[in-house]
Each structure stands twice: as structure tokens, then as C-alpha cells.
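The values are calculated or read from the model by the stated rules, or taken from the named source; none is laboratory data. The shown structure was predicted, so the numbers you read here are calculated from the model rather than taken from an experiment. Quick reminder, even Gly has a Cβ in these numbers, built from the backbone with ideal geometry, and neighbours come from all protein chains shown.
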Amino acid sequence: MFVKMRTELIKIIEGGLERNPEKVKSYAKLISEKLRETGEEKFADRINNLLNKKTIHPVYLDEFLSKPMDNDSRLPMVDIDIDTKTEDVVLPPIVKNKIEDYIQSLSQRDKFSQLGLNLPESLLLFGPPGCGKTTIAHYISERTGLPLVTAKLDGLISSLLGSTAKNIRKIFEYAQERPCILFLDEFDAIAKARNDSQEVGELKRVVNSLLQNIDTFNENNILIAATNHEKLLDPAVWRRFTNQIEVPKPTEDEIPELLKLYLKSVNVDFIEDIKKIKTISEILNGLSPSDIKAICFNGIKRSILKNEDSLSYPTFLYQCYISNGYHNDLDELILFLNAKGVSQINISKTLDISQRQVRNILQRKEL
């Protein structure tokens with residue numbers, strides 16, 4: 001059967017090697033027609049079904065080797081992440097559902113297009129620093145299988161504002177020519193409100209240039225932006241993003257999940273103690289996941305240095321306390337640990353001081 005299709009098969013192989021999808025499709029269609037003529041209708045249908053799908057352009061590593069450069073500094077203006085692996089991220093259920101809905105919408109773009117819903121799949125992530133916006137962008141990249149092209153804002157913004165507009169255009173053109181997600185982190189640096197009295201006219205023209213590039217890019221590509229200062233954004237910027245997700249600080253109820261995530265590599269003597277976990281969650285309430293992660297990792301390091309078999313409750317409380325900057329007030333630290341249920345003997349072990357000193361400080365404070 002395939003003897004009659006030798007020419008088509010050779011042309012398909014050539015098209016694949018030349019990265020010419022139209023050539024592949026054209027000769028695959030010819031094979032499908034010949035198969036149907038010979039009675040192989042099911043096989044022909046399978047080929048047609050593949051041809052009728054809106055295929056994603058394959059990712060070739062060498063397409064990303066040349067990066068757009070800033071003419072002044074001669075430094076690359078983007079970072080490229082291919083096959084990125086992200087760590088787990090703990091998010092409020094509503095935020096997690098929104099992220100999953102967004103990822104699903106990317107996979108169903110053909111279906112939406114058939115219904116006439118040709119809205120751009122742009123996403124704006126906003127919220128306090130350290131809450132996982134960049135991690136979410138990497139997670140979306142991992143789930144979709146698309147490389148993440150992250151614009152380096154220090155490379156975008158030139159001392160010559162005219163060059164800044166050119167750099168913005170270079171970034172968008174680079175991403176538009178490749179199968180990828182363009183990620184603009186710290187977005188407020190280039191998308192500030194044009195009515196800001198502190199900004200000069202040329203910088204406002206830069207924002208106009210940014211908006212024009214977004215409009216062109218949004219037609220067929222995926223854009224994600226993130227900002228810690230959403231109130232600084234120009235109102236017109238918000239209208240360019242059909243998906244807007246706030247990434248807040250964790251609530252007190254979500255902190256235990258973060259603790260389990262960041263402390264999973266070591267033994268912990270308090271992780272299953274509901275009362276102690278509640279106490280720690282109250283102390284950490286109001287901090288970002290990034291802050292909590294730093295406390296956990298520093299607690300692990302201190303536990304290792306103290307030769308503990310497992311990370312102890314007093315050691316972790318100590319790390320929580322000094323993270324607030326109260327490094328030199330020994331009396332207040334002892335009162336803090338005592339108020340959180342740590343015994344005098346464990347306070348003395350944790351702080352490497354005598355029990356008598358601990359007792360004297362507590363008695364003095366009671367007077």
C-alpha cells in the first residue's frame with residue numbers, strides 16, 4: 001500500500017526536517033486521499049483529524065539561543081526557561097481554581113474560537129511581594145509545555161527613553177516569532193499610569209508603545225504580567241488583560257500547609273501538634289510565603305547546627321522571633337518563649353544559657 005505513496009512520505013520527512021509544517025500538511029492530505037481511495041477510510045480519518053486540529057508549533061531549543069540585546073549595554077533582555085520544574089505552591093482555593101481555569105482555557109482556544117470568542121488569553125497577576133506570582137507563571141509554563149520568556153526590566157529600561165520603546169518592541173517581536181509565554185515581571189516599572197505628574201512626556205509615550213505592542217501580541221500569543229503595585233498601573237493596561245488574578249498573603253488557616261511543604265525534608269517534633277501549629281500560625285500570620293519559607297529554612301539550619309535529631313518547637317519559635325529583628329533583647333526572647341509554652345529547661349537549652357538565668361529573668365519580670 002505504501003509503495004504508491006513513496007513520494008508523499010519522502011516529502012513529509014523533508015518537511016519535518018525543514019520545519020515546514022505546511023509542506024507536511026499538504027503531503028499528509030494527499031496520503032489521506034489515496035488511503036480513502038483504497039478503502040482505508042479509518043486510517044484516512046485519523047490523518048484528517050490530526051490535520052484539522054490547530055497544532056501547536058513544536059519547541060526547538062535553537063530557536064531560543066539568540067536573545068534580543070540592548071544596544072547600549074549589549075546584555076540580553078530576556079531569560080529563557082524550557083522544561084521548567086516548579087516547586088509546589090500553596091494558594092487559596094479560589095486562586096487555585098482560577099489558575100486551573102486559565103490553564104484549561106489555553107488548551108480550549110480552538111473551541112472558543114469556533115464559537116466566536118476570540119478574546120486574548122492574557123493574564124495579570126497582582127498582590128504583595130513574595131506570594132508566588134513568579135512561581136505561578138513558571139507553573140503555567142510547565143503545565144502548558146511552553147517555554148517561559150521572562151523580560152528583564154533592567155535590560156528594557158534604557159537611559160534614553162526612545163531606546164526603551166525600541167527595547168519593548170524587540171521583546172514582543174522576539175516572543176511573537178516563537179512558541180512561548182511572554183512573562184513581564186515587575187510590570188509596573190514600564191506600565192505606570194500616564195496621569196502621574198512625576199512622569200515626563202517621553203515616558204508616557206513609552207507606555208503608549210507598550211499598549212500598542214500588547215494589542216498586537218494578544219491576538220495569537222500568551223502574555224502574563226505580574227506586579228506588586230497594581231495601583232500604579234495605567235487604567236488602559238487593565239483592559240488589555242482579560243484574566244486578572246489577585247495573589248494574596250496566606251491566611252492563618254493556610255499557613256500549616258506551607259509549614260508542611262517547607263519542612264518536609266526534615267523531621268519535625270511539632271508538625272502534628274495542633275496546639276503548637278496553631279500558635280506558630282498566629283505568629284506567622286501576615287507574612288508572605290517567601291518570608292515563611294526563609295524562616296523554615298533558617299530554622300532547619302539552626303536545628304542542624306545544634307545537633308538536634310529533629311527540628312524542635314523551641315528552635316522554630318526562636319527563629320520566628322529573631323525574624324522580626326529582635327536579636328539583642330534576651331529578656332524579651334525568654335518571655336516570648338515562655339508565653340508560647342516552652343519550659344524553662346528547654347529555654348535554657350535553646351538559648352545555651354543556665355536555667356537559673358532563665359528563672360531569674362522570669363521572676364524579675366513578674367515583679
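Yes or no, residue by residue, for (1) over 23 Å from Leu91 (Cα atoms); (2) modelled with pLDDT of 90 or more; (3) of a type in the set (Val, Ile, Thr):
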residue	(1), (2), (3)
Glu202	yes, no, no
Asn228	no, yes, no
Asp234	yes, no, no
Thr251	no, yes, yes
Checklist entry - For the stretch 286-323, which residues satisfy the criterion of being surrounded by fewer than 16 Cβ atoms within 10 Å (Cβ to Cβ), closer than 19 Å to Asp273 by Cα and among the charged types (D, E, K, R)? => result Asp309
Checklist outcome for this item: Of (1) at pLDDT below 95; (2) small (Gly, Ala, Ser); (3) surrounded by 20 or more Cβ atoms within 10 Å (Cβ to Cβ), Ser265 satisfies every one except (3)
